[in-house]
1. Say R0 is 22 Å: what FRET efficiency, to the nearest 0.05, do residue A:32 and residue B:32 get from their beta-carbon distance?
2. Quick check: the angle from helix A:83-106's long axis to the longest principal axis of chain A, C-alpha only, nearest 10 degrees?
3. Where both residues lie in chain A, what percent of DSSP beta bridges are antiparallel, nearest 5?
4. Measure nothing but the geometry: give the 0 to 90° angle between the long axis through the Cα atoms of A:22-33 and the longest principal axis through the Cα atoms of chain A, rounded to 10°.
5. If you average the C-alpha positions of the stretch B:37-73 and of the stretch A:33-71 separately, how far apart do those two centres end up, in angstrom?
6. Relative to the first principal axis of the alpha-carbon coordinates of chain A, what is the inclination of helix A:49-61, with its axis defined by its Cα atoms, in degrees from 0 to 90 and to the nearest 10?
7. Arrange B:44, B:59 by Cβ neighbour counts within 10 Å, fewest through most, would you?
8. What does DSSP give for the protein assembly as shown in terms of the percent of beta bridges that are antiparallel, rounded to the nearest 5?
DNA sequence: TGCCTTCATGGTTATATTGCCATAAAGCAC
DNA sequence: GTGCTTTATGGCAATATAACCATGAAGGCA
């Protein structure tokens, strides 16, 4: 790989990696509806609060969410509208894979 | 997490995970220009041939690329147009992060 | 046939990720 | 002040990922 291209692809991969865990996708989906604090998301995700906190830190480091302190609570919000494009792409791949599976079964 | 939602998010995450490595992003970018065989991509990526082969297997398992045998060569191609949406999303996040960085420095 | 190219896969090691528990910091109420 | 809530972080164990090397299978050609 080109030495100039490498950091570029690494930066992209860091973003994609933040989007590559089911719990983080769930949290992002929920945050797209409305802003939420950690304890609400802990309930939603059904895993330990520390686990949720770490997932949110990963999303925050990637620049995907923002956090605002409200008293003792941390309220998170999505930081970009562009996630639509990402989710649509994933859905399209899943649909396509499903269709391919059905063709195999049907043949 | 809802027991019904879980497999859904896991399926999404599998696709996203396939997109979360710099070498795989490079390969996909190259394949968006034109179909390529493994040896060409090995040259491009600058890593071991077996490494490229494994990365391609991951992309194939995710349904992101297709492979066609041509003699002793395996020619890969992108399998969905939707990747534009994905890449645009990543670029938007990167741009936004860069802008935020500049604001911090500039303040 | 023999030789070369192309590719996929098993083995191994190093590193990264993920989950929980325990804990500590900070805000709020009393 | 004491408590309770909310959150972030260190520690640790289990698992996953990724790189290389070595090898073997299959195609093409002389």
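Every read-out reported here was derived from the displayed coordinates using simple, explicitly stated rules and does not represent laboratory data. Note that this is a predicted model, so its numbers are computed, not measured. Glycine gets a Cβ as well: all are built from the backbone with ideal geometry, and neighbour counts include every protein chain shown.
1. Values: r = 28 Å, r/R0 = 1.25.
Efficiency at R0 = 22 Å is approximately 0.20.
2. Tilt relative to chain A: about 40 degrees.
3. Working: 8 of 8 bridges.
Counting DSSP beta bridges with both partners in chain A, the antiparallel share is about 100 percent.
4. For A:22-33 against chain A, the angle is about 70 degrees.
5. So the separation of the two Cα centres works out to 37 Å.
6. Approximately 70 degrees, to the nearest ten.
7. On the way: B:44 18, B:59 23.
Arranged by neighbour count, lowest to highest, B:44, B:59 become B:44, B:59.
8. Working: 16 of 16 bridges.
Taking every DSSP beta bridge within the protein assembly as shown, about 100 percent pair in antiparallel fashion.
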